[in-house]
Amino acid sequence: MAELRRRLDHAWRVFGTGLSFAAFGVGGLLLGLLVMPLLMLMRDPMARRRRARRVVQAAFASHVRLMCRLGVMTLQIEGRERLQRDGLLVLANHPTLIDVVCLIALLPNADCVVKRAVACNPFMRGPVRAAGYISNDDGAGLVDDCVAAVQAGGTLVIFPEGTRSVPGQPPRLQRGAANIAVRGRLDITPVRITVPPRP
């Protein structure tokens, strides 16, 4: 009986995970095709960007709730109030694919550095462009863009490892996040994401 329960639980998690990924893709596509073009009618680029970020935040929060309701994940947050200020440089480890989704769901006016592949992805292109997220292929101007984003009151999310964390290995940090903090004289708000193994 315990073995049957374990198999059913595994099957449900596979189904729920697949459904979650499908919902994320469809949601991104709908945002890009229907919602973000309407925001482009706003004349003030700063107001448009801020509104787009709020839409992305709400969409990501809805997605996190969906995943929790499906039983694909549980989310426990400690110190949420520390993330509710403007002008934060949030540095986080990156153990899973959905870390940025969970973080942006918590952060008003969140900005982040995105890979070119994400910025060109048809499911994400519309929201990424409308929200004005910073592309990591900006070269020498990347650090200046990041500093300016925080100094303008945005909350910048960066994963200093530059890629997902390797379980059981010490983090290998890139210099970019430190350069941003030092050049902009910015305080760092560290976030630690843990993923306990399933029983």
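The values are calculated or read from the model by the stated rules, or taken from the named source; none is laboratory data. The structure presented is a predicted model; accordingly, all values stated were derived computationally and were not measured. No Cβ is skipped: glycine too gets one built from the backbone with ideal geometry, and neighbour counts run over all protein chains shown.
Do we have any residue at all in region 160-170 that's among the small types (G, A, S) and more than 18 Å from the chain's Cα centre (by Cα)? Show your work before the answer.
Here is the first cut: in region 160-170, the ones among the small types (G, A, S) are 162, 165, 168.
Checking which are more than 18 Å from the chain's Cα centre (by Cα) leaves us with 168.
Within region 160-170, one or more residues are among the small types (G, A, S) and more than 18 Å from the chain's Cα centre (by Cα).
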Identify all residues within region 175-199 that are farther than 14 Å from V90 by Cβ, part of a loop (DSSP other than H, G, I, E, B) and β-branched (V, I, T); write none if there are none.
T194, V195
Any residue at all in region 86-105 that is at pLDDT 90 or above and either among the basic types (K, R) or more than 15 Å from the chain's Cα centre (by Cα) (or both)?
yes
Could you give me the residue pairs with C-beta distances under 8 Å whose first residue belongs to region 133-145 and is more than 22 Å from R50 (Cβ to Cβ), whose second residue is part of a helix (DSSP H, G or I) and among the polar types (S, T, N, Q) wherever it lies, and which are 6+ apart or on separate chains?
V143/N179
Return the residue satisfying two criteria in turn: it lies in region 119-158 and is closer than 26 Å to R80 by Cα and of a type in the set (V, I, T), and of such residues it is nearest to the chain's Cα centre (by Cα).
V157
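Which helices (runs of 4 or more DSSP H) sit wholly inside region 60-174 and have at least 2 residues that are in contact with a His (Cβ under 8 Å, 6 or more places away or on another chain)?
Working: elements: 99-106, 116-120, 125-131, 141-151.
Filter on region 60-174 gives 99-106.
Being in contact (Cβ under 8 Å) with a residue 60 or more places away in the chain, surrounded by fewer than 19 Cβ atoms within 10 Å (Cβ to Cβ) and under 28 Å from Q169 (Cα atoms): is that true of P122 here? Even if it seems obvious, please write down each step before you answer.
On the way: in contact (Cβ under 8 Å) with a residue 60 or more places away in the chain: yes; surrounded by fewer than 19 Cβ atoms within 10 Å (Cβ to Cβ): yes; under 28 Å from Q169 (Cα atoms): no.
So P122 fails the test.
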Residue match in region 128-137 (condition: at positive phi, modelled with pLDDT under 90 and either out of contact with any strand residue (DSSP E or B) (no Cβ under 7 Å at 6 or more places or on another chain) or not polar (S, T, N, Q) (or both)):
no
In region 154-179, how many are surrounded by 14 or more Cβ atoms within 10 Å (Cβ to Cβ), more than 17 Å from K115 (Cβ to Cβ) and in contact (Cβ under 8 Å) with a residue 24 or more places away in the chain?
3
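Restricted to region 18-48, and to residues that are not hydrophobic (A, V, I, L, M, F, W, C) and not in a helix (DSSP H, G or I), which residue is surrounded by the fewest Cβ atoms within 10 Å (Cβ to Cβ)?
If we filter region 18-48 for residues that are not hydrophobic (A, V, I, L, M, F, W, C), which is where we start, we get 18, 20, 25, 27-28, 32, 37, 43-45, 48.
So of that shortlist, the ones also not in a helix (DSSP H, G or I) come out as 43-44.
Values: R43: 7, D44: 9.
So the residue we want is R43.
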Can you find, within region 56-92, the residue that is farthest from P160 (Cα to Cα) among those that are β-branched (V, I, T) and crowded, with 18+ Cβ neighbours inside 10 Å?
V72
